[in-house]
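Nothing in this text is a laboratory measurement; each read-out follows from the coordinates by a stated rule. Keep in mind it's a predicted model, so treat the numbers as computed, not measured. A quick note on method: Cβ atoms are made from the backbone with ideal geometry, for glycine too, and the neighbour counts reach across all protein chains shown.
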């Protein structure tokens, strides 16, 4: 009997020891994912884009409107130059190519705007284009831009007439009152069928005037597009050229 009781006591002690070890393992397993989740959360917060399309500062995910945004980091890494290259990365946006002297017609959710020339002429009022808070219909280049916001759908409540299809907002970098900075970018390229090389260069200058109060910021750029004329039928031989060259 004594041996039987001692064996039973040993088995109970072993069972209790194994059961007591389970919560410790469960606690360690629970704490490990928590640390990993915290790291992922901190990383996601640092990569969030802050937008102001609804007149309030909010993250892109929490914005109460249909809005898309492209950050300055994405513009630089993808080498986006204007709205035509930007449209490839924003859902619901298409730009009709109408030649190099205009931005083309911006199409939001199937509604097309009028063509916008380099001088600011716009023949339609379905899509509003803004530089900050100022409506300007120009062929903007993505120089010294903090982000680009695209608001899709009617925006008449906040942006008034001319935003039936939506609005495109170019948000420039704000002047910095605590440091002097000069940012220079440039690149060259060649184009098929062209005998010349093209080049792109821009510079952004930030000058603090009164520390922590007043600063001056400006940016400018130079674009040289190496083009060509594709006219395969222009030959300088009588009987072959179309149209026929004149003969004296």
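Data overview
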quantity: Theoretical FRET efficiency, 1/(1+(r/R0)^6), r = Cβ-Cβ of residue 209 and residue 59, R0 45 Å, to 0.05; calculated: 0.85
quantity: Taking only Cα atoms of the range 181-224, radius of gyration then Dmax in Å; calculated: 16.0, 52
quantity: Protection proxy ranking, peptides 139-151, 51-63, 180-192, average beta carbon neighbours within 10 Å, highest first; calculated: 139-151, 51-63, 180-192
quantity: Relative packing of peptides 206-214, 73-81 - highest average C-beta neighbours within 10 Å first; calculated: 73-81, 206-214
